[in-house]
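A.B. asks: Sharing a structure here in structure tokens format.
The values are calculated or read from the model by the stated rules, or taken from the named source; none is laboratory data. Everything numeric here is computed off the predicted structure, so don't read it as measured data. Here the Cβ positions follow ideal geometry from the backbone for every residue, glycine too, while neighbour counts run over all protein chains shown.
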Amino acid sequence: MNRKIIIGTRGSDLALWQANYTKNLLEEKGQEVEIKIISTSGDRSQQWDTSFEKMEGKGFFTKELEEELLNGSIDLAVHSHKDLPTNGPDGLMIAGVSRREDPSELLLIRKEAVDESLKYNLKKNARVGTSSSRRKSQLLAFRPDVEISDLRGNVPTRIKKLREGQYDAIMLAAAGVERLELDVDDLHVEKLNPEEFVPAPAQGVLAWQTREDDNELLEIIDQISDLDVLIKINIERQVLNMFDGGCQLPLGVYCDTDEEDEDRLRFKVWISHAEAWDKQPKQLYFDTLDTDGFADMMVDHIHAIKPRKVFITKTFKEDSYLLQALKRLDFTVEGTSLIEFKQIRIKELPKTDWIFFSSKHAVRYFFNQKPELGNVKFGCIGTSTSSELRAFGKRADFIGQSTDIKLVGKQFSSKVGNSRVLFPIARGSMQSIQWQMVKRDNVINLEVYATLKHSIDISAEHEIVIFTSPSNVEAYFEKNTVHPHQKLIAMGEATGKALEKLKHKKYTMPKSFDDLGMLQAVLGVAN
């Protein structure tokens, strides 16, 4: 292409980084490029008393750039894709997208506001700065004690306000902090798992917008665009478009893939959707091998969710996330464990390099005995077990998140190599992780508790029954049966096998071994 390409961009540090990143990609393709800075309504409104949740996604950061494109004064507009409305102006199109930077959220915390015993390591009743309704919704769901305060300004300005003490913590997209290479060593940085704290559709991706009839430039953009990213974020933005809620709808959508086999990709999507920022979000997980109609199916499912009566073989703590989330969504929940635990006294504690916990009960009955530990590392399954570790002042060096126990075992075995590993277990444990260890001689099993079953009659009115362990399955079916209207959820592979052994093969398994995984599973069958 012989002509010079004029890139239009906002003037913030992050916008200029994005424009220069695009400029470099185009110049590598032999193009001559110039950058033109354009002031937008969103930039100017940061000086006004206007909350971002009333602006983002409505074109406040894009309108003037699009006008310059349409009148021909620029050839290419560079946007943070998450800021773009799903329906653009006539005559313009998204010609391509960049590779995806880390889509995670960062929680930046002043060090005096850190409390490692609480979720996200954030102290109780902390004041958190964010103006995003999506971030507000999810943060309050997980930490209802925090105080939310609006936060305005570009990324460096927001961090400056945190350092000045206006907030205990603030929330930012990881991509922005990483792109600007900002030094935040004086702050505690908590990176939030996008599968739990779901980012905005297309977060971490740049959108390259051009005129529809600029065929010459379209061919050039094609050469720098990332097709794999485009497919994923198209799913995310289709969901956003179908909800038609604009910027004020607290909606997070995150799509990723893994290989089902050599020729097929499995698309995995996490969604967090609330009616308003101060309402409990519906948090769901979906996967598919066929994306045709996938977004429609997910949105239809969310609209069809109805409050149900749920029984879970677990005695809840009052602050349980699963219990509170379901109640806020108007579900009726009864939780009763059909088993009880009896501590087995530790007579001798072998020397070891690692200690691995497969349940929070193992954590509790191990540390309740106040063992004297040397320099050891800790591994566990799931976030609920790692949270229990934190309650005893320990942090996990390995957390297995998959519901595939064999996979977790192989990952852990690879991590520890030839190290000796102590497994605090229940009497009669299946030892699923242990069997995946390459060096079986380095496996030390230590019984720290025993399981006792208590069978009781459970009302058949419950529409969803969640089994949390094989022992609870056995205890339940000593006096109860499954009725046609009931849907079953098995917490883990071993629990699923216990159901199958009793001829109950139709059940759902959560994506993760924690309250959030169970919530996703409940909402996945509650339609």
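A.B. asks: Could you tell me which residue of region 257-285 is farthest from residue 130 (Cα to Cα), considering only residues that are touching a Phe, Trp or Tyr at 6+ places or on another chain (Cβ under 8 Å), aromatic (Phe, Trp, Tyr) and in contact (Cβ under 8 Å) with a residue 60 or more places away in the chain?
C.D. replies: 285
A.B. asks: In the list 166, 209, which residue meets the criterion of being touching a residue at least 12 places away in the same chain (Cβ under 8 Å), assigned to a strand (DSSP E or B) and of a type in the set (S, T, N, Q)? Before the answer, list the steps.
C.D. replies: Numbers: 166 fails: assigned to a strand (DSSP E or B).
Result of the check over 166, 209: 209.
A.B. asks: Could you list all residues from region 113-146 that are crowded, with 16+ Cβ neighbours inside 10 Å and in a loop (DSSP other than H, G, I, E, B)?
C.D. replies: Across region 113-146, the qualifying residues are 118, 123, 126, 130, 131, 132, 143, 146.
A.B. asks: While we're on this one: Out of curiosity, is residue 291 over 20 Å from the mean Cα position of the chain (by Cα), in the same structural domain as residue 252 (by TED's automatic domain parsing) and β-branched (Val, Ile, Thr)?
C.D. replies: Details: over 20 Å from the mean Cα position of the chain (by Cα): yes; in the same structural domain as residue 252 (by TED's automatic domain parsing): yes; β-branched (Val, Ile, Thr): yes.
Spelling it out, residue 291 is indeed over 20 Å from the mean Cα position of the chain (by Cα), in the same structural domain as residue 252 (by TED's automatic domain parsing) and β-branched (Val, Ile, Thr).
A.B. asks: Mind listing just one residue for me: the one in region 331-383 that is among the acidic types (Asp, Glu) and surrounded by fewer than 16 Cβ atoms within 10 Å (Cβ to Cβ) and, of those, farthest from residue 453 (Cα to Cα)? Walk me through how you get there before you give the answer.
C.D. replies: Of the residues in region 331-383, the ones among the acidic types (Asp, Glu) are 334, 340, 348, 353, 372.
If we keep only those that are surrounded by fewer than 16 Cβ atoms within 10 Å (Cβ to Cβ) too, we end up with 334, 340, 348, 372.
On the way: 334: 18, 340: 7, 348: 28, 372: 31 Å.
Checking each candidate, the answer is 372.
A.B. asks: Another question about this same structure. If I ask for residues that are outside any loop (DSSP other than H, G, I, E, B) and out of contact with any strand residue (DSSP E or B) (no Cβ under 6 Å at 6 or more places or on another chain), which ones from region 98-112 would you list? Break it down stepwise before answering.
C.D. replies: Of region 98-112, the ones outside any loop (DSSP other than H, G, I, E, B) are 105-112.
Correct list: 110, 112.
A.B. asks: Same structure again: Tell me which of these residue 297 doesn't satisfy, since it passes every other one: (1) modelled with pLDDT of 95 or more; (2) assigned to a loop (DSSP other than H, G, I, E, B); (3) surrounded by fewer than 17 Cβ atoms within 10 Å (Cβ to Cβ).
C.D. replies: Failed condition: (2).
A.B. asks: Please determine, by comparing only the residues of region 322-357 that are in contact (Cβ under 8 Å) with a residue 40 or more places away in the chain and of a type in the set (Lys, Arg), which one is farthest from residue 459 (Cα to Cα).
C.D. replies: Per the criteria, the residue is 351.
A.B. asks: Turning to a different aspect of this structure: Just to check your reading of the model, which residue among 327, 317, 347 is basic (Lys, Arg) and in the same structural domain as residue 416 (by TED's automatic domain parsing)? Lay out the reasoning, then the answer.
C.D. replies: Details: 327 fails: in the same structural domain as residue 416 (by TED's automatic domain parsing); 317 fails: in the same structural domain as residue 416 (by TED's automatic domain parsing).
Selected residue: 347, the only one of 327, 317, 347 that is basic (Lys, Arg) and in the same structural domain as residue 416 (by TED's automatic domain parsing).
A.B. asks: Then there is this: What tally of residues in region 182-206 results from selecting those that are more than 25 Å from residue 29 (Cβ to Cβ), part of a loop (DSSP other than H, G, I, E, B) and either acidic (Asp, Glu) or over 15 Å from the mean Cα position of the chain (by Cα) (or both)? It would help to see each step written out before you state the result.
C.D. replies: Residues of region 182-206 that are more than 25 Å from residue 29 (Cβ to Cβ), as a first pass: 182-201, 203.
Next, only the ones that are part of a loop (DSSP other than H, G, I, E, B) stay: 182-186, 193-201, 203.
Within this subset, residues satisfying the condition of being either acidic (Asp, Glu) or over 15 Å from the mean Cα position of the chain (by Cα) (or both) are 182-186, 195-196.
Count: 7.
A.B. asks: When you go through 474, 461, 478, 447 one by one, which is the residue that is assigned to a strand (DSSP E or B), touching a strand residue (DSSP E or B) at 6+ places or on another chain (Cβ under 8 Å) and charged (D, E, K, R)?
C.D. replies: After ruling out the rest, the residue left standing is 447.
A.B. asks: Can you spot a residue in region 381-390 that is part of a loop (DSSP other than H, G, I, E, B), touching a Ser or Thr at 6+ places or on another chain (Cβ under 6 Å) and aliphatic (A, V, I, L, M)?
C.D. replies: First, pick out the residues of region 381-390 that are part of a loop (DSSP other than H, G, I, E, B): none.
Checking region 381-390: not a single residue is part of a loop (DSSP other than H, G, I, E, B), touching a Ser or Thr at 6+ places or on another chain (Cβ under 6 Å) and aliphatic (A, V, I, L, M).
A.B. asks: Residues of region 229-256 being without any contact (Cβ under 8 Å) to a residue 12 or more places away in the chain and either under 15 Å from residue 5 (Cβ atoms) or part of a helix (DSSP H, G or I) (or both), which ones?
C.D. replies: 234
A.B. asks: Can you tell me which residues in region 71-100 are among the hydroxyl-bearing types (Ser, Thr, Tyr) and either more than 23 Å from residue 226 (Cβ to Cβ) or surrounded by fewer than 22 Cβ atoms within 10 Å (Cβ to Cβ) (or both)? Before you say what the answer is, go through the steps one by one.
C.D. replies: As a first pass, look at region 71-100 and keep what is among the hydroxyl-bearing types (Ser, Thr, Tyr): 73, 80, 86, 98.
Across region 71-100, the qualifying residues are 73, 86, 98.
A.B. asks: Would you mind stating whether residue 330 is part of a loop (DSSP other than H, G, I, E, B), within 16 Å of residue 464 (Cβ to Cβ) and acidic (Asp, Glu)?
C.D. replies: On the way: part of a loop (DSSP other than H, G, I, E, B): yes; within 16 Å of residue 464 (Cβ to Cβ): yes; acidic (Asp, Glu): yes.
Here the answer is yes, as residue 330 does meet what is asked.
A.B. asks: Here is a list of conditions, (1) part of a loop (DSSP other than H, G, I, E, B); (2) surrounded by 16 or more Cβ atoms within 10 Å (Cβ to Cβ), and residue 276 meets all of them except one; can you say which number that is?
C.D. replies: Answer for residue 276: the failing condition is (2).
A.B. asks: So, one more: Determine if region 91-98 includes at least one residue that is touching a helix residue (DSSP H, G or I) at 6+ places or on another chain (Cβ under 9 Å), farther than 30 Å from residue 210 by Cα and touching a residue at least 12 places away in the same chain (Cβ under 8 Å). Even if it seems obvious, please write down each step before you answer.
C.D. replies: At the first step, the residues of region 91-98 found to be touching a helix residue (DSSP H, G or I) at 6+ places or on another chain (Cβ under 9 Å) are 91-98.
Filter once more, keeping what is farther than 30 Å from residue 210 by Cα: none.
No, every residue in region 91-98 fails to be touching a helix residue (DSSP H, G or I) at 6+ places or on another chain (Cβ under 9 Å), farther than 30 Å from residue 210 by Cα and touching a residue at least 12 places away in the same chain (Cβ under 8 Å).
A.B. asks: Keeping to region 411-443, report how many residues are of a type in the set (Phe, Trp, Tyr), assigned to a helix (DSSP H, G or I) and closer than 19 Å to residue 377 by Cβ.
C.D. replies: Taking region 411-443 and keeping what is of a type in the set (Phe, Trp, Tyr), we get 412, 423, 435.
Now narrow it down to the ones that are assigned to a helix (DSSP H, G or I): 412, 435.
Now drop any that are not closer than 19 Å to residue 377 by Cβ, which leaves 412.
So the count comes out to 1.
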